[in-house]
Amino acid sequence: MTPLNPSPERHDLLAASTAETTPLAVASVASRAKPGKSRWPARLDLLQSLSGLLLALFLMAHMAFVSSILISHDAFYTVARFFEGAYFLGKPYPILVSGVVAGVLALFVGHAWLALRKFPAGFRQYRAFVAHKNRLRHGDTSMWWLQVWTGFALFFMATIHLYQMLMNPSLIGPYESADRVWTGNLWPLYLLLLFAAELHASIGLYRLALKWGWFDASDPNRSRRRLRWVKHGLSAFFITLGLVTLGAYIDLGRAHAEHAGERYVPASQSAPAASGRH
Amino acid sequence: MIPLLRRRPTAGQPRRLTLSILRCNPADPASVPHLQDYELDEADGMTLFIALNDIRAHQDGSLQFDFVCRAGICGSCAMLINGRPGLACRTLTRDLGDHITLAPLPYFELIGDLSVNTGKWMRGTSERLQTWIHSTTPVDLDALEARMEPAEAEAIYELDRCIECGCCIAGCGTAQMREGFVGAVGLNKIARFRLDPRDQRSDADFYELIGDDDGVFGCMSLLGCHDLCPKQLPLQTQIAFLRRKMAALGLR
């Protein structure tokens, strides 16, 4: 604290130190005139968060649509045709699904590229983090490690799924999807993909909220506890729903295995129309 | 250990504690890092600081560790206590098991045993982040200080409580991986000076200091800093606040 009435001796000392430091302070305030630091780190940080948020929201919506098989075959059939534009363009256009998948794929690749910046680079960083995590036994630190590994797994697993949907958009329907899951032997991939995607997304949403200070209560620890419960709830809900849904497709796929490749025709459509679809 | 499972000593009989301390003296080329065990009887209200002084006074005068204030104010006695950063003077042995492992804080330059040179790193960070008031207004030492709203002063003081102990850096996963990262202590200081009305720097000036992956955008929100800060500083909210402010500049 600066004394109000410093002694003459003290005054000289302070004046001398002020004379020394003032040009430095002025120089710093004026430093904006120089070409400044790149704004890209800020943009990349924003883009990583935004792409992650969009992918997590897509994942939730995706699960809602896919799980409509639990209501009825017709419900899922309706959802699938809806995204092909059948109810507002007159007939289904599977290319619309490919368009959406291409958008998701671009978002996914972009997010992966941005998130790679945070991965441990090289053995030294890898070893330093693992030693730190094991020593610290700290929930959020361990959760990030889980997110790194689920993210790494998604590089491969999600890419397979997205490529398949991109190329075969018309093969989405109760029988078509069930055949892919069972006869096409994709259920092991979907099982692993379910856990990797849901855990990665729920941890990601939790960390997004903390990173940007969303839903802050007056006590940050209380809001964090709530967010953690929401995160656990999201993981449990979507993994359970995913498992039940996958089980339904496996069941249907097994029952339909002998007729694999046959397209689903909803009960409401007449026989001639159905035969026209084969 | 879960407190309920911990074996309670019989009444009147002090617990026998074993402290495994990581010993290493970088000044001695022959010194090899190793754990050395010391045993002592627990006393009422014993802190790790008291236990370490007891060991140094009665068992091993060569044991190196730092302390000044004994009251969680100076930040000198930070160390890894059973693998987690904390202050020796604020840690009661009764909250720990019979066997306690102590190691120096990682990341900082080792002086010897439990003593690390946090001061050198803190000074470097202060110089790098220019953590002092920047003002072009001529200083009039005879004038009264400008008034400040009590709420504003309180908010600054809240962040000024940082004791630079280094626990946030030792608890930070990012800092362990990337040595250039300024950590919560650096970001908290920027938040403190950003609040100060006497500091004339703008967000664009602060961006020059922390607007990259070694600054606020390097933080991955693992929050070891927030959870391990011995002064319970609101580090999560401060870093989130700075991130919003710095990211907003990226949109311009």
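The values are calculated or read from the model by the stated rules, or taken from the named source; none is laboratory data. Keep in mind the model is a prediction, meaning the values are calculated, not measured. In this analysis, Cβ positions are derived from the backbone assuming ideal geometry, glycine residues included, and neighbour counts consider all displayed protein chains. Surface areas here come from the heavy atoms of the whole protein model, side chains and all, with no ligands, DNA or RNA. Shrake-Rupley method; radii C 1.70, N 1.55, O 1.52, S 1.80 Å.
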> Out of B:113, B:95, which single residue is within 30 Å of residue B:36 (Cβ to Cβ), open to solvent by 70 Å² or more (accessible area, probe 1.4 Å) and away from every other protein chain (no Cβ under 14 Å)?
Replying inline: B:95
>> Can you tell me how many residues within segment B:125-140 are surrounded by fewer than 17 Cβ atoms within 10 Å (Cβ to Cβ), among the aliphatic types (A, V, I, L, M) and either more than 8 Å from chain A (Cβ to nearest Cβ) or over 17 Å from residue B:156 (Cβ atoms) (or both)?
In response: 1
>> Would you confirm, using the coordinates I've provided, whether residue A:102 is under 24 Å from residue A:194 (Cα atoms), loosely packed, with under 12 Cβ neighbours inside 10 Å, more than 14 Å from chain B (Cβ to nearest Cβ) and at pLDDT 95 or above?
In response: no
> Residues in segment B:224-252 that are within 22 Å of residue A:218 (Cα to Cα) and either touching a residue at least 24 places away in the same chain (Cβ under 8 Å) or open to solvent by 10 Å² or more (accessible area, probe 1.4 Å) (or both): how many?
Replying inline: 20
> Any idea which of B:61, B:83 is among the small types (Gly, Ala, Ser) and more than 24 Å from residue B:41 (Cβ to Cβ)?
Replying inline: B:83
>> I'd like the full set of residues that are more than 7 Å from every other protein chain (Cβ to nearest Cβ) and either surrounded by fewer than 19 Cβ atoms within 10 Å (Cβ to Cβ) or under 14 Å from residue A:40 (Cβ atoms) (or both), limited to segment B:202-213.
In response: B:202, B:203
>> Of everything in segment B:31-65, what is under 11 Å from residue B:17 (Cα atoms) and exposed (fewer than 13 other Cβ atoms within 10 Å of the Cβ)? Give them in sequence order.
In response: B:37, B:39, B:41
> Residue check: is residue B:179 within 13 Å of another protein chain (Cβ to nearest Cβ) and under 30 Å from residue A:116 (Cα atoms)?
Replying inline: yes
> Out of A:88, A:119, which single residue is within 14 Å of another protein chain (Cβ to nearest Cβ), surrounded by fewer than 19 Cβ atoms within 10 Å (Cβ to Cβ) and of a type outside the set (Ser, Thr, Tyr)?
Replying inline: A:119
>> Can you find, within segment A:244-262, the residue that is surrounded by the most Cβ atoms within 10 Å (Cβ to Cβ) among those that are under 27 Å from residue A:200 (Cα atoms) and touching a helix residue (DSSP H, G or I) at 6+ places or on another chain (Cβ under 7 Å)?
In response: A:249
> Taking the condition within 30 Å of residue B:205 (Cβ to Cβ) and among the acidic types (Asp, Glu), does residue B:39 pass?
Replying inline: no
>> Just to be sure I understand the filter: pairs with C-beta atoms under 6 Å, separated by 6 or more residues or on different chains, first member in segment A:225-246 and part of a helix (DSSP H, G or I), second member among the polar types (S, T, N, Q) and surrounded by 13 or more Cβ atoms within 10 Å (Cβ to Cβ). Which pairs pass?
In response: A:231/A:202; A:234/A:202; A:235/A:202; A:241/A:67; A:245/A:67
>> Show the residue pairs meeting these rules: Cβ distance below 6 Å; 6+ apart or different chains; first residue within segment B:139-167 and part of a loop (DSSP other than H, G, I, E, B); second residue of a type in the set (Asp, Glu).
In response: none
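Being within 25 Å of residue A:98 (Cα to Cα), open to solvent by 40 Å² or more (accessible area, probe 1.4 Å) and without any contact (Cβ under 8 Å) to a residue 40 or more places away in the chain, is that true of even one residue in segment A:211-221?
The first filter runs over segment A:211-221 and keeps only residues within 25 Å of residue A:98 (Cα to Cα), leaving none.
No, segment A:211-221 has no match at all.
Just to be sure before I move on: is residue B:199 open to solvent by 10 Å² or more (accessible area, probe 1.4 Å), acidic (Asp, Glu) and farther than 13 Å from residue A:37 by Cβ in the structure I sent?
Against the criterion (open to solvent by 10 Å² or more (accessible area, probe 1.4 Å), acidic (Asp, Glu) and farther than 13 Å from residue A:37 by Cβ), residue B:199 qualifies.
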